[in-house]
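Below you'll find the structure, written out as structure tokens, and then a few comments.
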Amino acid sequence: MARVLVIEDDPASLQLLLYLLRSFGHVSLAAEDGEEGLEVARREVPDLILCDVQLPRLDGHEVARRLKTHPALRQIPLVAVTAMAMVGDRERVLGAGFDGYIAKPIAAENFASLLGGFLRGAPRGGEETA
Ligand code: MN
């Protein structure tokens, strides 16, 4: 069981992620914009953070920058959850400080193994996209 923070402004995506996390036995924490996400991260120091890239108030890249320069929070695996169609997005996301990414739409059947990999500190990388 892990404590996982989800930072996501789209209600349907947020509900799906929270549902999947709980169904796999994890404790989920939610934030709906980047500022709130940082506040919850500082307060709760979760085991893993799943973060949308396009967010109100602070976008995902800024959230990543601040988490990865924060002494107490930089070790937390940070995974981008985002719809990405363009070649090069993977490198951009990893270059911004994310430790990996999961592509939307979320494939429930892959989610548990992806999550397990990130919780074990799998090497930087992301979901294979076809
Ligand atoms: Mn968004």
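Below, the figures for the structure above:
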{"read-out": "Qualifying position, being assigned to a loop (DSSP other than H, G, I, E, B), over 15 Å from GLY100 (Cα atoms) and under 14 Å from the mean Cα position of the chain (by Cα), among LEU14, LEU18, LEU55, LEU29", "value": "LEU55"}
{"read-out": "Filter pass, GLN15 being farther than 18 Å from PHE118 by Cα, within 12 Å of the ligand (Cβ to nearest atom) and not hydrophobic (A, V, I, L, M, F, W, C)", "value": "no"}
{"read-out": "Filter result for ALA72 (exposed (fewer than 13 other Cβ atoms within 10 Å of the Cβ), more than 16 Å from the ligand (Cβ to nearest atom), at pLDDT below 95 and among the hydrophobic types (A, V, I, L, M, F, W, C))", "value": "yes"}
{"read-out": "Any pair with Cβ under 6 angstrom, 6 or more apart, that starts in the range 52-67 at a residue that is closer than 11 Å to LEU78 by Cβ and ends at one that is in a loop (DSSP other than H, G, I, E, B) and near the ligand (Cβ under 8 Å from one of its atoms)", "value": "GLY60/VAL53"}
{"read-out": "Subset tally (residues that are of a type outside the set (Val, Ile, Thr), in a helix (DSSP H, G or I) and more than 15 Å from the ligand (Cβ to nearest atom)) for the range 32-52", "value": "6"}
{"read-out": "Scope the range 58-104; condition assigned to a loop (DSSP other than H, G, I, E, B), within 15 Å of LEU17 (Cα to Cα) and either in contact with a helix residue (DSSP H, G or I) (Cβ under 6 Å, 6 or more places away or on another chain) or among the basic types (Lys, Arg) (or both); matching residues", "value": "LYS104"}
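The values are calculated or read from the model by the stated rules, or taken from the named source; none is laboratory data. Keep in mind that what you see is a predicted model, and the values were worked out from it rather than measured. Glycine gets a Cβ as well: all are built from the backbone with ideal geometry, and neighbour counts include every protein chain shown.
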